[in-house]
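The values are calculated or read from the model by the stated rules, or taken from the named source; none is laboratory data. Since the model is a prediction, treat every value here as computed from it, not as a measurement. For neighbour counting, all protein chains shown are included, and Cβ atoms are generated from backbone atoms with ideal geometry for every residue, glycine included.
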Ligand code: GDP
Ligand code: GDP
């Protein structure tokens, strides 16, 4: 499971600055889900090759009454859902009453918490440590988020306990396929789980209904346990000869109880399920069309590189004009995930649900097939012959050979000269060529260049 780190602290201590540094150029998801009023950001980051999620929880000022009023419901939830909290304070401003209140709250929650003293470019780090020791949260980790100082030491402290064999397993997956070796399908992260499918979407689009449909029976209602809003339910099952595990982000709700409806929707849970899946079934409500939140979430799915199948639900009872409109909208707004199959379904009536499995299998196969080096190199050579890469400084860019560097998503590593100068448009051309020739569906492709020789 991907670790989740929450950045907590009053406004202006430097949370956004740290967030941006950790997530680098990766697009942050700005959460604007129903029930979320705060301006919060979610992002993916890497530490020692391992992925983790960062949440910027928005500022907690010291002016409101009581800690509960100060942190919006969703901000509190983010702290609950995090595996560790980075509690940021401002070394330049020194210790404030708001810092003390936040510290008290975190202590009560009994969270793994790391005190981080930011802006130590303006004060002596030792002074900063002394300044914040009354908070009773141990020695502050000194950083300067704006200048990148102290960051790796801080991450070692906060993420060290999550280091595991998972990182090694990832390396193994990236093993190179020798020339001439047959392409073979490799299983997902673990053979016994089969294809891991995450059912993702905003509240009320029909995820639970779809889960029930896909399993072919009304499921036993599982009650939410205290403090486990972040955990999805994993349901292993078989269909035909294929093994699957459904990652159900919606089923933990108690049906018919309004109080559990919207507020149990959890962005963290959704993001973790995406990370943990091989294939994401992204559910949208045809009656609402594509909304901004869908685009945010889809952007995240794309970034993780998971295989993707899109399900337009509630297609029943829509008149032809509405349907045409929705289809046009989809084409216009979902161009960035045009590799994904789109299904028009009714989870309620079961229409189109069986076909989802076909797309799930096809996209999984595309995502994890091991293409041999000679095959990829042949495709590269043909592509280069058809369209030469441009000249740079009077010399033509040379692309020599290609091999597979990873699966789910497929990573194609291309070796050559002056590869830093390969234009984006040419990479897109190569990507499209690989996609077409290998008949890849439902998965993004990554292309990486290696120079030298
Ligand atoms: P947030 O409200 O907690 O998200 O804080 P921001 O990230 O917006 O930062 C608040 C201010 O502090 C901005 O003007 C930043 O440029 C500044 N800041 C952030 N990190 C540092 C740092 O390491 N050193 C200094 N001197 N200023 C910083
Ligand atoms: P979730 O929050 O995404 O898990 O959504 P639910 O599965 O709880 O569904 C929300 C509402 O939409 C419920 O009232 C469902 O009966 C209804 N619903 C789900 N799928 C369909 C569908 O295919 N057609 C119609 N008309 N309603 C549906």
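Quick check on residue 338: is it touching a helix residue (DSSP H, G or I) at 6+ places or on another chain (Cβ under 9 Å) and more than 16 Å from ligand 1 (Cβ to nearest atom)?
yes
Taking only segment 139-155 into account, find how many residues are more than 16 Å from ligand 1 (Cβ to nearest atom) and free of Cβ contacts under 8 Å to residues at least 24 places away in the same chain.
Number satisfying all stated conditions: 0.
Residues are listed down the side, and each one gets a yes or a no for (1) modelled with pLDDT under 90; (2) surrounded by 15 or more Cβ atoms within 10 Å (Cβ to Cβ); (3) more than 23 Å from the chain's Cα centre (by Cα):
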| residue | (1), (2), (3) |
| --- | --- |
| 259 | yes, no, yes |
| 292 | yes, no, no |
| 306 | no, yes, no |
| 310 | no, yes, no |
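Condition (residue is within 11 Å of ligand 1 (Cβ to nearest atom) and in contact (Cβ under 8 Å) with a residue 24 or more places away in the chain) applied to segment 123-133: is it met by at least one residue?
yes
Residues in segment 278-332 that are on the phi > 0 side of the Ramachandran plot and in contact (Cβ under 8 Å) with a residue 24 or more places away in the chain: how many?
3
For the subset of segment 189-210 comprising residues that are crowded, with 22+ Cβ neighbours inside 10 Å and over 15 Å from residue 270 (Cα atoms), which member is modelled with the lowest pLDDT?
210
Is it true that residue 251 is touching a helix residue (DSSP H, G or I) at 6+ places or on another chain (Cβ under 6 Å), within 16 Å of ligand 2 (Cβ to nearest atom) and either assigned to a loop (DSSP other than H, G, I, E, B) or at pLDDT below 85 (or both)?
Spelling it out, residue 251 is indeed touching a helix residue (DSSP H, G or I) at 6+ places or on another chain (Cβ under 6 Å), within 16 Å of ligand 2 (Cβ to nearest atom) and either assigned to a loop (DSSP other than H, G, I, E, B) or at pLDDT below 85 (or both).
Condition first: in a loop (DSSP other than H, G, I, E, B), modelled with pLDDT of 95 or more and closer than 20 Å to residue 156 by Cβ. Now tell me which residues in segment 92-138 satisfy that.
Within segment 92-138, 120 is the sole residue that qualifies.
Please count how many residues of segment 356-382 are free of Cβ contacts under 8 Å to residues at least 40 places away in the same chain and either under 30 Å from the mean Cα position of the chain (by Cα) or outside any helix (DSSP H, G or I) (or both).
1
Take the residues in segment 317-349 that are loosely packed, with under 15 Cβ neighbours inside 10 Å and within 16 Å of ligand 2 (Cβ to nearest atom), then tell me which one is farthest from the chain's Cα centre (by Cα).
Only one residue fits best here, namely 319.
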